[in-house]
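Everything below concerns the one structure shown next.
The values are calculated or read from the model by the stated rules, or taken from the named source; none is laboratory data. Given the structure is predicted, the values throughout are model-derived calculations rather than measurements. Because the Cβ atoms are built from the backbone with ideal geometry, glycine has one as well, and the counts that use them run over all protein chains shown.
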Amino acid sequence: MLAITPPATAAGLDDRLAVEGLSVAYRGVPALEDITWTAPASGLTAIVGPNGAGKSTLLKAILGLVASTGRATIGGRPVAERREATAYVPQRASVDWDFPATALDVVLQGMVREAGWLRGYGRARRDRAMALLDRVGLADLASRQIGQMSGGQQQRVFLARGLARSARILFLDEPLAGVDAASESIILDVFDTLDREGRLVVCVHHDLGTVAERFSDVLVLNRKIIAAGSVANAFTPEILARAYGVPLVARP
Amino acid sequence: MSLLAGIGFNTIVVMIGVAALGCAAGAAGTFAMLRRKALVSDAVAHGTLPGIAGAFLLAALLGRAPREAAWLMGGAAIAAVLSLAAIEWLARRPRIGHDTATAAVLACGFGLGLALLSVVQTLSVGGQAGLEQLLFGSAAGMLPEEAWLMGGLAVLVLAIIGLVLKELSTVAFDPDFAATIGLPVARLDALVALLCASVVVAALPIAGFVLAVALVVIPPAAARFWSNRAGVVVVLAAAIGSASALAGAALSAILTETPTGPAIVLVAALFFAVSLFFGRARGLLAGGAA
């Protein structure tokens with residue numbers, strides 16, 4: 001399979017994503033308490049937990065979008081100094097899709113930093129953005145206004161913009177929420193490619209039924225870390241019952 | 001009567017200055033609109049009122065000629081920057097939204113301005129004509145040097161927007177994503193706000209403090225109906241702004257009893273109405289197609 005971006009080198013043990021004692025409070029109400037977690041070097045990690053568990057907040061805190069105490073580092077350096085290693089794919093509902101932009105315009109935004117100040121995107125980046133749209137099955141819709149796409153297509157545009165970062169670590173917030181089957185299959189296929197390329201995918205995920213089948217690692221969250229590790233060890237009915245407060249069947 | 005008869009070189013210079021300003025206003029206003037902060041420019045425009053009245057009073061106290069444009073425009077500019085700062089400061093307090101902060105500053109600025117103006121009217125100081133121009137606008141009173149200055153400002157604003165177009169678009173669409181890739185979101189927001197404020201202050205002598213904001217708000221709103229590309233919307237807004245300012249100023253020059261500000265706003269509103277119905281991208285008669 002074609003590499004999505006120039007091949008990434010797998011992270012050495014010294015270049016891991018690590019979170020130490022991270023806490024977030026919204027107006028005095030704790031949203032995350034004392035999160036300490038070292039991510040796997042690569043592979044697909046699902047963040048699961050009940051509503052209000054702080055899953056999205058954890059991504060935002062790691063990326064510096066919400067104020068937090070504690071540290072989030074990559075290779076021992078603050079994430080803010082390692083932005084080139086990160087790509088964020090926010091929730092689809094977080095933006096106004098009425099914005100005057102085409103699918104290609106949005107994907108190009110992922111390259112705005114590498115293109116640099118006072119410069120256009122250039123032919124080569126436009127071609128790369130087109131290739132990324134092709135990778136997510138949207139080459140035909142490159143010049144369509146983003147508001148005139150389905151939810152699944154919008155989610156794939158967001159994914160392509162994240163891929164345009166050529167980053168080693170991708171943070172995705174509910175990328176499979178409310179998407180059609182075709183989009184889900186394409187997104188999961190891209191995940192597998194990223195996995196094979198040695199990248200790390202950290203994905204807030206709501207569908208417990210697909211965790212075991214699709215992800216290698218899991219972080220079970222409910223304001224605090226309930227469990228973290230391989231799916232075999234940390235995605236057990238007992239752990240999920242503790243996280244969700246009710247007995248749950250982990251696998252259908 | 002031929003339209004060009006009796007229009008001298010100075011008038012043409014003034015027209016060019018007005019058109020350039022309309023162009024800059026449309027371009028800067030596009031990003032205020034896309035970032036949903038169009039009302040900030042209105043607050044800034046109203047916020048200039050205490051600056052203008054205050055500068056007039058200060059000049060009178062110091063025995064200067066208060067109708068000197070530099071005094072009044074300086075007061076307006078300082079007040080504009082203070083209004084912007086007040087909005088940003090208030091918006092960062094917990095439980096005050098950006099819209100609430102904007103509306104509060106607008107009302108306070110306007111109220112303070114009216115209070116100061118009532119003081120001005122009790123004074124028997126001459127030169128209140130210069131004050132009236134800033135309040136109600138008149139391109140006819142503009143000097144060629146002022147027109148050149150305006151043209152220069154417009155070129156500067158357009159150049160800045162052109163140079164950071166892709167960054168401004170990225171921030172306007174998704175500020176969170178922009179922050180995660182290391183774009184200076186707050187500074188780019190401040191840049192747009194300052195550009196809009198500069199244009200509004202520069203437009204005061206032409207359109208007056210109530211209507212100056214129209215040049216920043218209406219052309220982008222009209223342009224949005226014609227295109228689904230941010231870059232194209234910027235160019236169209238600049239063109240509509242320019243045409244509105246030029247046609248409005250020309251109309252008020254020909255129909256001497258019509259003040260410039262209202263003439264410009266009416267022309268811009270006409271552009272908006274036509275765009276609303278016939279805009280190719282989103283107009284009511286476009287059938288929703290791209």
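List every residue pair whose Cβ atoms lie under 9 Å apart, where the two residues are 6 or more positions apart in sequence or sit on different chains, the first residue falls within region B:143-168 and is within 19 Å of residue A:111 (Cα to Cα), and the second residue, located anywhere, is of a type in the set (A, V, I, L, M, F, W, C) and not in a helix (DSSP H, G or I).
B:163/A:117; B:163/A:118; B:164/A:117; B:164/A:118; B:167/A:117; B:167/B:183
Quick one: is residue A:182 assigned to a strand (DSSP E or B), among the small types (Gly, Ala, Ser) and modelled with pLDDT of 95 or more?
no
Results for (1) modelled with pLDDT under 55; (2) in a strand (DSSP E or B); (3) surrounded by 14 or more Cβ atoms within 10 Å (Cβ to Cβ), shown as yes or no for each residue.
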| site | (1), (2), (3) |
| --- | --- |
| A:8 | yes, no, yes |
| A:14 | no, no, no |
| A:18 | no, yes, yes |
| A:25 | no, yes, yes |
| A:37 | no, yes, yes |
| A:44 | no, yes, yes |
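Taking the residues in region B:239-290 that are aliphatic (A, V, I, L, M) and within 14 Å of chain A (Cβ to nearest Cβ) as candidates, determine which candidate is nearest to residue B:38 (Cα to Cα).
B:281
Look through region A:79-117, keep the residues that are within 25 Å of residue B:33 (Cβ to Cβ) and of a type in the set (Phe, Trp, Tyr), and return whichever of them is farthest from the other protein chains (Cβ to nearest Cβ).
Filtering first and then ranking leaves A:97.
Being under 20 Å from residue A:185 (Cα atoms) and more than 21 Å from the chain's Cα centre (by Cα) is the requirement here; does residue A:127 meet it?
no
Report whether or not residue B:232 is under 24 Å from residue A:97 (Cα atoms), out of contact with any Ser or Thr (no Cβ under 8 Å at 6 or more places or on another chain) and hydrophobic (A, V, I, L, M, F, W, C).
yes
Give me the pairs: first residue in region A:136-157 and away from chain B (no Cβ under 14 Å), second residue β-branched (Val, Ile, Thr) and assigned to a helix (DSSP H, G or I), beta-carbon distance under 7 Å, and six or more apart or on different chains, which are they?
So the pair list comes out as A:136/A:186; A:136/A:190; A:137/A:186; A:138/A:157; A:156/A:186; A:156/A:187.
Which ones in region B:186-238 are at the interface with chain A (Cβ under 10 Å from one of its Cβ atoms) and without any contact (Cβ under 8 Å) to a residue 24 or more places away in the chain?
B:229, B:232
List every residue pair whose Cβ atoms sit under 7 Å apart, with the two residues 6 or more apart in sequence or on different chains, where the first one lies in region A:22-46 and is more than 18 Å from residue A:204 (Cα to Cα) and the second, anywhere, is exposed (fewer than 14 other Cβ atoms within 10 Å of the Cβ) and among the small types (Gly, Ala, Ser).
A:34/A:21
Of the residues A:211, A:190, A:220, A:202, which is of a type in the set (A, V, I, L, M) and in contact with a His (Cβ under 9 Å, 6 or more places away or on another chain)?
Values: A:190 fails: in contact with a His (Cβ under 9 Å, 6 or more places away or on another chain); A:220 fails: in contact with a His (Cβ under 9 Å, 6 or more places away or on another chain); A:202 fails: in contact with a His (Cβ under 9 Å, 6 or more places away or on another chain).
Selected residue: A:211, the only one of A:211, A:190, A:220, A:202 that is of a type in the set (A, V, I, L, M) and in contact with a His (Cβ under 9 Å, 6 or more places away or on another chain).
Residue B:83 - would you say it is closer than 28 Å to residue B:231 by Cα and in a helix (DSSP H, G or I)?
So residue B:83 does not fit the description; no.
With the structure loaded, tell me whether residue A:172 is part of a loop (DSSP other than H, G, I, E, B), under 21 Å from the mean Cα position of the chain (by Cα) and in contact (Cβ under 8 Å) with a residue 12 or more places away in the chain or whether it fails that test. Steps first, please.
Details: part of a loop (DSSP other than H, G, I, E, B): no; under 21 Å from the mean Cα position of the chain (by Cα): yes; in contact (Cβ under 8 Å) with a residue 12 or more places away in the chain: yes.
Spelling it out, it is not the case that residue A:172 is part of a loop (DSSP other than H, G, I, E, B), under 21 Å from the mean Cα position of the chain (by Cα) and in contact (Cβ under 8 Å) with a residue 12 or more places away in the chain.
Restricting attention to region A:185-204, which residues are outside any helix (DSSP H, G or I) and either in contact with a helix residue (DSSP H, G or I) (Cβ under 6 Å, 6 or more places away or on another chain) or not aliphatic (A, V, I, L, M) (or both)?
Selection gives A:197, A:198, A:199, A:201, A:203, A:204.
Whether any residue in region A:159-169 is away from every other protein chain (no Cβ under 11 Å), in contact with a helix residue (DSSP H, G or I) (Cβ under 9 Å, 6 or more places away or on another chain) and surrounded by fewer than 24 Cβ atoms within 10 Å (Cβ to Cβ) is what I want to check.
The answer is yes, given that some residue of region A:159-169 is away from every other protein chain (no Cβ under 11 Å), in contact with a helix residue (DSSP H, G or I) (Cβ under 9 Å, 6 or more places away or on another chain) and surrounded by fewer than 24 Cβ atoms within 10 Å (Cβ to Cβ).
Every residue in region B:89-126 that is without any contact (Cβ under 8 Å) to a residue 24 or more places away in the chain, β-branched (Val, Ile, Thr) and farther than 30 Å from residue A:27 by Cα, please.
Within region B:89-126, B:122 is the sole residue that qualifies.
(1) in a helix (DSSP H, G or I); (2) polar (S, T, N, Q); (3) surrounded by fewer than 22 Cβ atoms within 10 Å (Cβ to Cβ); (4) at pLDDT 95 or above: which one isn't true of residue A:143, the others all being true?
The number of the failed condition is (1).
Run residue A:207 past the list (1) out of contact with any Ser or Thr (no Cβ under 8 Å at 6 or more places or on another chain); (2) crowded, with 16+ Cβ neighbours inside 10 Å and report the number of the one that doesn't hold.
Condition not satisfied by residue A:207: (2).
Among what's in region B:32-79 and is of a type in the set (Lys, Arg) and within 14 Å of chain A (Cβ to nearest Cβ), pick the residue that is surrounded by the most Cβ atoms within 10 Å (Cβ to Cβ).
So, considering only residues that are of a type in the set (Lys, Arg) and within 14 Å of chain A (Cβ to nearest Cβ), the one surrounded by the most Cβ atoms within 10 Å (Cβ to Cβ) is B:37.
Considering only region A:118-135, state which residues are closer than 22 Å to residue B:161 by Cα, more than 8 Å from chain B (Cβ to nearest Cβ) and crowded, with 18+ Cβ neighbours inside 10 Å.
A:125
Can you tell me which condition residue B:143 does not meet? The list is (1) within 14 Å of another protein chain (Cβ to nearest Cβ); (2) of a type outside the set (Val, Ile, Thr); (3) farther than 25 Å from residue B:193 by Cα, and all the others hold.
(1)
Can you work out which of the residues in region A:203-219 that are among the hydrophobic types (A, V, I, L, M, F, W, C) and more than 16 Å from the chain's Cα centre (by Cα) is farthest from residue A:189 (Cα to Cα)?
Our first condition is that a residue be among the hydrophobic types (A, V, I, L, M, F, W, C); within region A:203-219, this holds for A:203-204, A:208, A:211-212, A:215, A:218-219.
Next, only the ones that are more than 16 Å from the chain's Cα centre (by Cα) stay: A:208, A:212.
On the way: A:208: 18, A:212: 16 Å.
This residue is A:208.
Kindly list the number of the only condition in (1) at the interface with chain A (Cβ under 9 Å from one of its Cβ atoms); (2) touching a helix residue (DSSP H, G or I) at 6+ places or on another chain (Cβ under 8 Å) that fails for residue B:171.
Every condition holds for residue B:171 apart from (1).
Every residue in region A:46-64 that is outside any helix (DSSP H, G or I), out of contact with any Phe, Trp or Tyr (no Cβ under 8 Å at 6 or more places or on another chain) and within 14 Å of chain B (Cβ to nearest Cβ), please.
Matches in region A:46-64: A:64 only.
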